[in-house]
Amino acid sequence: MAEYGFNTVQVRGGYSPKDNQESVAVPVYATAAFDFVSVERAGRLVAGEEAGFVYTRIGNPTNDVLERRIAALDHGVAAVSFGSGMAAISSTILAVTGGSGRILSTYQIYGGAFDLEKSIFPNLGIHFDLVSHDSSLEVWEKAITEETKAIYVESISNPTARLLDFEALAKLAHKYSIPLIVDNTFATPYLFQPLEHGADIVVYSATKALNGHGNAIGGLVVEGNSFHWSREKFPQFYQKHWVIRDLEEHERSFLEAFPDFPLSALLRLSYLAYFGAVLSPYEAQLILIGVETLSERVKKQVANTRAVLSYLEKQSDLVSWVSYPEAKNSPDHKLAKKYFKNGAGSVLSFGFNGTEEEENRLIEAVQIFGYQANVGDARSLIVNSPKITHGELRPQELQEAQIAPETVRLSFGLEEAEDLIADLDQAFEVIRAERKAAKKSA
Ligand SMILES: *Cc1c(COP(=O)(O)O)cnc(C)c1O
């Protein structure tokens, strides 16, 4: 399927009606287990000598279609689905570190991932060094230590929509023989394909724009084929395991048993299998339906983002700044041109120029924008990020993440751009009228 264009792969990739009773839509395989048929086949399945399904916690045909489709869209060699984006992220970090060492990351990451790095992983012996999106490459390089096992970034930061020079970061990672992991949730493979720019592993919250309909929670990890796992830093790929023995009962390593996709095999057979954060096939089907229209939705969402961006940039009495790579004052124009030719996602943030009470009024005065902790939905959303989506961060950490207290984040859906602008406009007018009235009475 990889030779077909994006639009073809998003509706057909990884699936053949011929193998599914001619069912045109991808069926939900609502089953816990799969019949072994014979003792001989059971032996081959367990030894990985024959591809097939055993138990849904380890793999399911509906999830398999989703995994193959996203791997094809991203030009990866394999993908593993998880029950949430956080499960995909935490499992990837566990698999890559092997349970110890350090990860180099940035302050500008998803609030949940930030708290995971700060409060959970250090207790498990995995530590994080953080730099800023604005840090020079020398600062990144200085932060790499003997123990660093990966660089972990987001392709479009949350909530400020900042970008990075991905090819330079990939080069830096590979200089130290460590992989570059990119959370590509905000961009989706339609706007950006990290593996094409040197990244080795891509993670997603499928809950967001991949699905796009706000009706399921899911995550994915996509593996590229470029990374060479060294014996010194990544012994987990070389150690022999009894559970992946061959038919002659010889223990094998993940690299021996699965040379084409060792990370996906490790993720599936260790972390998905034993931590058990499996994606329900029902939700895999919902996400697959969402993916069928991914490019069309994202195109429209980007168009809406651009329309509202130009409106916001004219509201200087209430909007002190707008953060989006295509905004007038963005420091990311060059990066956007290089990496995001079709738009830098459908999330932007702006600085609300007013009091906290006025900001609260704005959030409650909009009629179309929903007040929710979500992004990439078909419906447009508004949120006071420092308090909600990044509520995990202390004031000092918010400062380091360059999330100003007055930040308001918008995520654009599929409504009419004119309606979205009119909605914000009537809410701004409420505040302007109140200011006028207050002035009069003073
Ligand atoms: C939402 C989100 C996550 C977490 O995903 P869940 O599916 O909610 O677990 C991770 N990274 C980014 C960038 C997100 O927006």
Requested in this report: Would you be able to say whether some residue in segment 48-71 is within 16 Å of the ligand (Cβ to nearest atom), over 16 Å from the mean Cα position of the chain (by Cα) and either of a type in the set (V, I, T) or crowded, with 17+ Cβ neighbours inside 10 Å (or both)?
Outcome: yes
Requested in this report: May I ask you to list the residues in segment 200-242 that are more than 21 Å from D64 (Cα to Cα) and assigned to a strand (DSSP E or B)?
Outcome: H241
Query raised in the report: Out of curiosity, is T31 of a type in the set (S, T, Y) and assigned to a helix (DSSP H, G or I)?
Result: no
**Report entry** Candidates Q193, Q239, filtered to the one that is open to solvent by less than 50 Å² (accessible area, probe 1.4 Å), in the same structural domain as R69 (by TED's automatic domain parsing) and more than 16 Å from the ligand (Cβ to nearest atom)
**Finding:** Q193
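A quick yes/no check of all residues on (1) within 15 Å of the ligand (Cβ to nearest atom); (2) crowded, with 22+ Cβ neighbours inside 10 Å:
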position	(1), (2)
T92	yes, yes
G112	yes, no
I120	yes, no
H133	yes, no
E138	no, no
P159	yes, yes
F186	yes, yes
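Condition check ((1) outside any helix (DSSP H, G or I); (2) in contact (Cβ under 8 Å) with a residue 60 or more places away in the chain; (3) under 30 Å from V131 (Cα atoms); (4) not small (G, A, S)) across all residues:
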position: E364; (1), (2), (3), (4): no, no, no, yes
position: N374; (1), (2), (3), (4): yes, yes, yes, yes
position: I403; (1), (2), (3), (4): yes, yes, yes, yes
position: E415; (1), (2), (3), (4): yes, yes, no, yes
position: R432; (1), (2), (3), (4): no, yes, no, yes
Query raised in the report: Among all residue pairs at least 6 apart or on different chains, which show Cβ distances below 6 Å where the first residue, located in segment 1-21, is at pLDDT below 95 and the second is open to solvent by less than 60 Å² (accessible area, probe 1.4 Å)?
Result: M1/V9; M1/G13; M1/A72; A2/A72
Requested in this report: Kindly list the number of the only condition in (1) within 16 Å of the ligand (Cβ to nearest atom); (2) touching a helix residue (DSSP H, G or I) at 6+ places or on another chain (Cβ under 6 Å) that fails for I126.
Outcome: (1)
Query - Test result for I181, touching a residue at least 40 places away in the same chain (Cβ under 8 Å), open to solvent by 10 Å² or more (accessible area, probe 1.4 Å), within 14 Å of the ligand (Cβ to nearest atom) and of a type outside the set (G, A, S) - result: no
Requested in this report: Answer yes if at least one residue in segment 25-44 is within 16 Å of the ligand (Cβ to nearest atom), out of contact with any Cys (no Cβ under 6 Å at 6 or more places or on another chain) and within 16 Å of N211 (Cα to Cα), and no otherwise.
Outcome: no
Query raised in the report: Looking at (1) within 18 Å of S346 (Cβ to Cβ); (2) open to solvent by less than 10 Å² (accessible area, probe 1.4 Å), which is the one condition that is false for K208?
Result: (2)
Query raised in the report: If L163 passes every condition in (1) modelled with pLDDT of 95 or more; (2) surrounded by 24 or more Cβ atoms within 10 Å (Cβ to Cβ); (3) under 23 Å from G218 (Cβ atoms) but one, which one does it miss?
Result: (3)
Requested in this report: Please verify whether segment 378-396 includes one or more residues that are part of a helix (DSSP H, G or I) and open to solvent by less than 60 Å² (accessible area, probe 1.4 Å).
Outcome: no
Report summary line: Within segment 174-216, the residues that are over 17 Å from F340 (Cβ atoms) and polar (S, T, N, Q) are S177, S205, T207, N211, N215
Requested in this report: Would you check if L348 is part of a strand (DSSP E or B) and either within 30 Å of K118 (Cα to Cα) or open to solvent by 60 Å² or more (accessible area, probe 1.4 Å) (or both)?
Outcome: yes
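Only one of A336, A327, A303 is more than 13 Å from L410 (Cβ to Cβ) and either crowded, with 18+ Cβ neighbours inside 10 Å or not assigned by TED's automatic domain parsing to the domain that holds V430 (or both); which? If you could, list the steps in order and put the result at the bottom.
Values: A327 fails: more than 13 Å from L410 (Cβ to Cβ); A303 fails: either crowded, with 18+ Cβ neighbours inside 10 Å or not assigned by TED's automatic domain parsing to the domain that holds V430 (or both).
Only one candidate qualifies: A336.
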**Report entry** Flag if N7 is under 28 Å from the mean Cα position of the chain (by Cα) and either surrounded by 15 or more Cβ atoms within 10 Å (Cβ to Cβ) or at negative phi (or both)
**Finding:** yes
Query raised in the report: Based on what the data block shows, is A373 closer than 21 Å to L210 by Cα, of a type in the set (A, V, I, L, M) and at pLDDT below 95?
Result: yes
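Determine whether V96 is among the β-branched types (V, I, T), modelled with pLDDT of 95 or more and in contact with a Phe, Trp or Tyr (Cβ under 6 Å, 6 or more places away or on another chain).
No.
The values are calculated or read from the model by the stated rules, or taken from the named source; none is laboratory data. Just so it is clear, the model here is predicted, and its values are computed rather than measured. Reconstructed Cβ throughout: ideal geometry from the backbone, glycine too, with neighbour counts over all protein chains shown. Areas reflect the complete protein model, heavy atoms only, side chains present, ligands, DNA and RNA absent. Shrake-Rupley method; radii C 1.70, N 1.55, O 1.52, S 1.80 Å.
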